[in-house]
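Dropping a structure here in structure tokens format, bear with me for questions.
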Amino acid sequence: MNMPGSDDSLQAPVAPNYRQAEFLTSASKLSQCPPDTGWEVAFAGRSNAGKSSAINSLTNNKKLARTSKTPGRTQLLNFFTLTESQRLVDLPGYGFAKVPQAVKREWTRQLENYLQRRESLRGLILLVDVRHPMQPFDQQMLDWALAASMPVHILLTKADKLKKGPAKSTLLQVRSSLKPHAELVSVQLFSALKHTGHEELISVLNRWLTDSSVLDDPAVESDDSA
Ligand code: GDP
């Protein structure tokens, strides 16, 4: 490439092998995140939404999401490398019961910061239990992402817990309620248990993690200060 200032890290990568995900680092604020370059996709969801199960089944690696639940690692952001320029990020759901209000407020602030300022973040996978779709936390995450023009793909998790008809009708209902944001928001059913919905998820991840449109943007070195 002949672009001024271009380097190897700015060449659009190919789709990664999700089974090669490896724990990289944890961070509790933006300033502790790895360098803000390349392509990153974050997973968010309330506690118990099925995020660990989804990440495990995507990466075929039970250790990864368990890493995020290890005491001391339950920080705001857990980074996993896929390739040199591609990462997954686990945003631990709130286990509100034992978290003091002040901690919760600080997490909230840092989450918002991350979603709105992280340049390498290409999209947000929002995991929502199909039986309790779009609770306040989910709406908040969605609002922040939309405020940053960030694409969001919603997984309605544990789809196996509902019969096909009710699952489908929840899907259509959520999709229809988000129609005003259809350019940025997509929704699917997912079951880690039954291994359904993987292909659809992977095709979204692949699209975001290989998005070369960012290379046309003369942007934007972030200074990561938060
Ligand atoms: P996290 O807190 O969001 O990481 O949620 P986990 O992945 O730990 O899942 C919470 C609970 O939901 C666990 O008991 C899982 O076994 C269960 N679970 C997760 N995914 C599925 C699924 O696809 N189907 C069913 N039936 N249960 C699930």
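Where a number appears in this text, it was derived from the coordinates with a stated rule and is not lab data. Owing to the predicted nature of the structure, the values given are computational and were not obtained by experimental measurement. Cβ placement follows ideal geometry from the backbone for every residue including glycine, while neighbour counts extend to all protein chains displayed.
If a residue has to be in a loop (DSSP other than H, G, I, E, B), closer than 20 Å to residue 89 by Cα and either in contact with an Asp or Glu (Cβ under 8 Å, 6 or more places away or on another chain) or in contact (Cβ under 8 Å) with a residue 40 or more places away in the chain (or both) to count, how many in region 130-168 make the cut?
Residues in region 130-168 being in a loop (DSSP other than H, G, I, E, B), closer than 20 Å to residue 89 by Cα and either in contact with an Asp or Glu (Cβ under 8 Å, 6 or more places away or on another chain) or in contact (Cβ under 8 Å) with a residue 40 or more places away in the chain (or both): 1 in total.
Can you tell me which residues in region 115-129 are farther than 14 Å from residue 55 by Cα, part of a strand (DSSP E or B) and more than 11 Å from the ligand (Cβ to nearest atom)?
Passing the criteria: 121, 122, 123.
From the residues in region 31-48 that are farther than 16 Å from residue 201 by Cα and surrounded by 21 or more Cβ atoms within 10 Å (Cβ to Cβ), which one is farthest from the ligand (Cβ to nearest atom)?
38
So, one more: For residue 177, state whether it is surrounded by fewer than 14 Cβ atoms within 10 Å (Cβ to Cβ) and either away from the ligand (no atom under 16 Å from the Cβ) or under 16 Å from the mean Cα position of the chain (by Cα) (or both).
For residue 177, the condition - surrounded by fewer than 14 Cβ atoms within 10 Å (Cβ to Cβ) and either away from the ligand (no atom under 16 Å from the Cβ) or under 16 Å from the mean Cα position of the chain (by Cα) (or both) - is met.
Give region 180-201 a look and list any residue that's away from the ligand (no atom under 16 Å from the Cβ) and either assigned to a helix (DSSP H, G or I) or among the hydroxyl-bearing types (Ser, Thr, Tyr) (or both), or say none.
The answer is 180, 181, 186.
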